[in-house]
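Student: Mind looking over this structure? Questions follow.
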Amino acid sequence: MKITEVRVYSKQLPMASGYNMSSAAVGDPETTIVQIVTNTAHIGWGEICPTGPLPQSEHAGSIQADLALLGPALIGLDPRRLGLVHDATTSTMDGGHGAKSAVDIACWDLMGKAYGERICDLLGGARMDPVSTYYVVPIGTPDDSATLAQNLQNAGHTKLQLKAGGRHIDQDIAVIQAVTETIRPGVDLFVDCNRGWTVGEAIQVSQACAHLKLAIEQPCATYAECAIARPHLRHPLLLDECADSLATIATAIGTGVADGFGMKLTRVGGISAMRAIRDLCEATNTPTSCDDSWGGDIIAAACVHVGATLNPNLSRGAWISDPYQVAHYDEKHGPRIVNGTIAVPPGPGLGITIPSGYFGSPIASYS
Ligand SMILES: [Mg+2]
């Protein structure tokens, strides 16, 4: 099997409902689709969709520029030889994890289709199917947030992520207290600040809520700030935005800075990189999620396949943006949340089938 063409597509993803966090509001993100064509009947799909130019260092324009460098370097390679694909992309450019991740996902899709296996089975097999997920309670008032938290628990959710930050911490504390009063036995609550607190604010909030059962996710902007806050926090500390490589994650675990992670597949290099992080977390009894910042069915399927292979005792769930999407690329097998869980798509590779011409004409093609 040889790669003969790499096509790039762009698509706006209209949102069914709003979503906000301390760092930015999310509105109709632009997703970038990678379609890898081979000399066999198989094609592979990859995707990368930052929420916009603010919350992340990469955006659609930078990712598409990166693909202009990476696309030609892939021609002639066997997409099943992921190590050699990795060598080709890393010897072409430094950085560009988003574009490299989309390429990696497409190669895994192709490998699954070539071997007639689901990606989760190539990764060792599904330990969970359906896969647990978590649901976001966005920045809001105490009453609105508590009502939503109750409704989500009524709908079967057992993992809730409460957004915080970007306002006076007294408001955050009031919302945290209101929401924790609704939390039922067996339900986990994570307060995700998306880098919105200073070190002092993180310490104040944690100590004010010391009697409440919750974990704090990415309270401060940088790894260094989180590490400084860590000894003074009264809750487990989860890292998300600054957990940007296997090396950083290994350091965070080894030095006791992090008690767990919120992992984004396309921040670290795709399915291949997330597999290594999965194994490191399991070896060190460290919880992690497997999700991504945004995206359609391709990203969602990739997250669910990897998420299915996490140790259930250490899984923080696989978040997907399904509840905010107005349509699926694959209306039958596109991943969706039902009773707080997500079924793994059944077919080989990613397990989704995208109608011909769905994304229109490619914005770029390399052959
Ligand atoms: Mg997070």
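FYI, it's all coordinate maths here, none of it is from the lab. Bear in mind that the values here come from a model prediction, so they are computed numbers and not experimental data. Here the Cβ positions follow ideal geometry from the backbone for every residue, glycine too, while neighbour counts run over all protein chains shown.
Student: Amide H to amide H, which residues 5 or more places from Glu217 or on other chains are under 5 Å from it, using H placed in the peptide plane?
Tutor: Val191, Asp192, Cys193, Leu238
Student: Let me ask something else. Assign one of three labels to region 67-113, namely rounded, prolate or oblate, based on the Cα gyration tensor with a ≥ b ≥ c the square roots of its eigenvalues; rounded applies when a/c is under 1.5, prolate when it is not and a/b is larger than b/c, and oblate otherwise.
Tutor: Because a/c hits 1.5 or more and a/b exceeds b/c, region 67-113 counts as prolate.
Student: Can you list residues from other chains, or at least 5 along the same chain, whose modelled amide H is less than 5 Å from the amide H of Gly349?
Tutor: Gly112, Lys113, Glu117, Arg118, Ile119
Student: Shifting gears a bit: How tilted is helix 97-115 with respect to the longest principal axis of the chain? Cα atoms for both, answer in degrees (0 to 90, nearest 10).
Tutor: Tilt of helix 97-115: around 60 degrees.
Student: May I ask for the distance between the Cα centers of region 200-236 and region 1-32, given as a whole number of Å?
Tutor: Centre-to-centre (Cα) distance: 31 Å.
Student: Measuring from centroid to centroid over Cα atoms, what is the spacing of region 41-73 and region 115-190 in Å?
Tutor: Rounded to whole Å, the Cα centres lie 28 Å apart.
Student: Check Gln161: other-chain or 5+ apart residues with amide H under 5 Å from its amide H, H built from backbone geometry?
Tutor: For Gln161, the qualifying residues are Tyr135, Val136, Val137, Phe190.
Student: Based on the Kirkwood radius over alpha-carbon pairs, what value in µm²/s does the Stokes-Einstein equation return for the translational diffusion coefficient of the chain at 25 °C and 0.890 mPa s?
Tutor: Calculated translational D: 119 µm²/s.
Student: Got a sec to turn the phi values of region 248-260 into Karplus ³J(HN,Hα) couplings, 6.51 cos²θ - 1.76 cosθ + 1.60 with θ = phi - 60°, whole Hz, x for Gly and Pro?
Tutor: 5, 5, 4, 5, 4, 6, x, 9, x, 6, 10, 9, x
Student: Moving on. If you plug each phi of region 10-17 into the Karplus form 6.51 cos²θ - 1.76 cosθ + 1.60 with θ = phi - 60°, what whole-Hz ³J(HN,Hα) values come out, in order, with x for Gly and Pro?
Tutor: Once rounded to whole Hz, the list reads 10, 8, 6, 10, x, 9, 6, 8.
Student: With both bridge residues required to lie in region 122-342, what share of the DSSP beta bridges run antiparallel, to the nearest 5%?
Tutor: 20
Student: To two decimal places, what compactness ratio does region 213-322 give when its Cα radius of gyration is scaled by 2.2 N^0.38 Å?
Tutor: 1.01
Student: Moving on to the next point. Over the chain, with a Gaussian network built from C-alpha contacts below 10 Å, which listed residue (Ser17, Ser101, Ser356) shows the highest mean-square fluctuation?
Tutor: Evaluated over the chain, the most mobile residue of the options is Ser356.
Student: Just list whichever of Lys100/Lys163; Lys2/Lys100; Lys2/Lys332; Lys113/Lys159; Lys113/Lys332 have alpha carbons separated by over 26 Å in the model shown.
Tutor: Listed pairs above 26 Å: Lys100/Lys163; Lys2/Lys332; Lys113/Lys159.
Student: Can you tell me which of 35-46, 285-296, 267-278, 243-254 comes out highest on packing, and rank the rest after it, using the mean Cβ neighbours within 10 Å?
Tutor: 285-296, 267-278, 35-46, 243-254
Student: Please list 3J(HN,Hα) in residue order for region 31-46, calculated via the Karplus relation 6.51 cos²θ - 1.76 cosθ + 1.60 where θ = phi - 60°; whole Hz, with x for glycine and proline.
Tutor: Rounded to whole hertz, the list is 9, 10, 10, 10, 10, 9, 9, 10, 7, 9, 6, 8, 10, x, 10, x.
Student: Only helical DSSP H runs with n ≥ 4 go in: add -39500 (n - 2.57) per run for the chain, normalise by residue count and round the 222 nm mean residue ellipticity to 500 deg cm²/dmol.
Tutor: -10500 deg cm²/dmol
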